[in-house]
Each structure stands twice: as structure tokens, then as C-alpha cells.
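Report on the following structure.
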Amino acid sequence: MLSTHLHGERQNTAMKDRNISENDVITQPVKIAARKVQVYYGDNHAIKDVNVEIDDKTVTAFIGPSGCGKSTFLRCINRMNDTIDICRVTGDIEIDGEDIYDRKVDPVQLRAKVGMVFQKPNPFPKSIYDNVAYGPRIHGLARNKAELDDIVERALKRGAIWNEVKDRLNEPGTGLSGGQQQRLCIARAVATEPEVLLMDEPCSALDPIATAQVEELIDELRQNYSVVIVTHSMQQAARVSQKTAFFHLGHLVEFGDTDKIFTAPEDPRTESYITGRIG
């Protein structure tokens, strides 16, 4: 696939530029650290004792059967589970060493730092411009219209949709195609200059061409963000991610380099899922 090819070319170029050998590994600092995370929906124990460290400027994929807890854990990273009355989260989740569940942390400010893109494209019933400008406005990121214009243009370019919409910014975002709407939602998510970008099955409602465009964009976004993607497609995880976490029945069964998870998994449950025997 295109994104895999581009990813390989970029890696080869980067290694040549740094003059490092094939045996050296470029490691990124840890961005997100979770320890002993448990999630309960009432009496249902949905996430069980999850420990994981997610690197900065890396795409990390969460895979596993439906209902295994991958989306639930993703929503812990920006405290979206706080909006569910019966949900209770215990354990520690830190971003850059700061406990995001500390009482001093404002969830609204946290969600500016941790952007989210959902399964179904959900543009606001506003213009393309106002969709992207909404976050920067409420967070006071622009002092005047010129600064806001710059933020909107930069975000739409990062969302790889600027050239398609630059002449119709005042038209409704809901008038775009499904793939364009999802890239608009990605642009909206990055407009507040987040450091982490969460994606919950962002391509499941898209056709193959739009999916390839979004996958290529994800590969580009990791230059600036720590990207965490939940996907039901193992092929997609293999194409876009450098690290993969396999969830099963609320447990994080295995976590490691994507290539290793897919070619030489250590846990028999991981192998059973990848080969199609469970799931």
C-alpha cells in the first residue's frame, strides 16, 4: 500500500541522513504511560490491569475482537469515559509524566492536548472554516481574525484537505464527501495543536480510496504527534503503525513492534487472533 511504501522510504532516508547502521534503533521518548488501569461500567469489569508505555511521534495500533476493551482504553487517555455516569477508572495514566486523572487537571484543557477522531465523520453543522476554528476560538488560541485564519489554513493543510476546500471555506462541512469529512475532522482535531491524537476506527465508514488517503495522512501526522488508533482491520494496523497492542477480554495480552506482533507473537492468544482462529 501507498502509506507503507512511503513509510519505508521515509525510514530509509532517515537512517541515511543520521548515518546509522541497520542494527541501531531510533527510539522515541515515552509520551503516555499507563499503570494498573482498571475500568468498570457498573459491575462490568471492562479493562483489567492494563500496563503500557506509548511512544511519542509513533503510530500505536490497538487491535482485538469486538468488545475486547480497546476503545474503552482509548477513551481513558482523554477522559472521555468521564461523561458516562456508571463508568469508574482506577490506576494511573500519565502524559509527559503528569497524572491526567489528578483533580487539578481540567478535562477540557486535557482534550485540547489530546485530540480525538471518531469512527463516523461528525462535522459540526457549521461552515468548513468554523468547524476548524471552533476549538482555537474556545481555547483562546488566536488574538485576531488574521491569526485564526492562519490556524485554520495550517490545520486544513495538516488534514490534507486544504487544496480541496480553500475556495469554499464558508460552505457547510456536512456537504463534503465521507472521506473529506473525516479529513476535516482530523484537521479540526489538530487545530488546537494537540500532542496526542486518538483515532477510534477512523476508516470503518470510508470507501477504500478514502481509507488510503486517511492512512497516508496518519503516516504523515506521526511526525508531529503521538497517534493512537483503534482498528478492526489487522491489515490497516500492519500498514500504518510502528507499535501494536492486542486486547482480549479486557486484558492487554501483548504489546510490541508491529512487525513482531504480526510475524512472531509471543502469546498463543495473539497468534490465534492474527490467524483468524478467534475474533
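The values are calculated or read from the model by the stated rules, or taken from the named source; none is laboratory data. The structure displayed is predicted, hence computed values, not measured ones. Using ideal geometry, Cβ is built from the backbone for each residue, glycine included, and neighbour counts are taken over all protein chains shown. To get the accessible areas, we keep the full protein, side chains included, count just its heavy atoms, and leave off ligands, DNA and RNA. Shrake-Rupley method; radii C 1.70, N 1.55, O 1.52, S 1.80 Å.
Annotations for the structure displayed:
- Most simply put, the chain has about 60% antiparallel DSSP beta bridges, counting only bridges with both residues inside it.
- Among PRO268, ASN163, HIS232 the positive-end extreme of the charge dipole of the chain (Cβ point charges): ASN163
- The chain, dipole about Cα centre (Lys/Arg Cβ +1, Asp/Glu Cβ -1), debye to the nearest 20: 540
- Cα extents of the range 187-252 along the three principal axes, largest first (Å): 35, 27, 19
- Each of LEU198, ALA146, VAL108 was placed along the dipole of the range 90-213 (beta-carbon charges, centred on the mean Cα), and the one lying farthest toward the positive end is ALA146.
- With a simple spin-label model that places each label point 7 Å from the Cα along the Cα-to-Cβ direction, the separation between HIS139 and ILE84 comes to 2.5 nm.
- Working from Cα pairs under 8 Å separated by at least six residues, relative contact order for the chain is 26 percent.
- What the Kirkwood sum gives for the range 128-279 is a hydrodynamic radius of 17.0 Å, with every pair of different alpha carbons counted.
- Of all accessible heavy-atom area on the range 3-274, the percent that carbon and sulfur account for (1.4 Å): 46
- Separation between Cα centres of the range 230-264 and the range 156-185, rounded to whole Å: 30
- Using a Förster distance of 45 Å, the FRET efficiency for LYS166-VAL108 (Cβ separation, nearest 0.05): 0.90
- Calculated [θ] (222 nm, deg cm²/dmol) that DSSP helices of n ≥ 4 give over the chain, each run adding -39,500 (n - 2.57): -11000 deg cm²/dmol
- A 1.4 Å probe run over the protein chains yields, for the range 3-274, 48 Å² of accessible area per residue, whole-number rounding.
- For semi-axes √(5λ) of the Cα gyration tensor in Å, calculated from these coordinates, the label among (1) 27, 24, 17; (2) 41, 28, 16; (3) 29, 24, 19: (3)
- Measuring with a 1.4 angstrom probe and ignoring ligands and nucleic acids, GLU193 comes out at about 90 Å² accessible.
- Reachable lysines from LYS120, criterion Cα separation under 23 angstrom, eight or more residues apart if same chain: LYS70, LYS157
- Translational diffusion coefficient (Stokes-Einstein; Kirkwood radius from C-alpha pairs) of the range 70-195 at 20 °C, 1.002 mPa s, in µm²/s: 137
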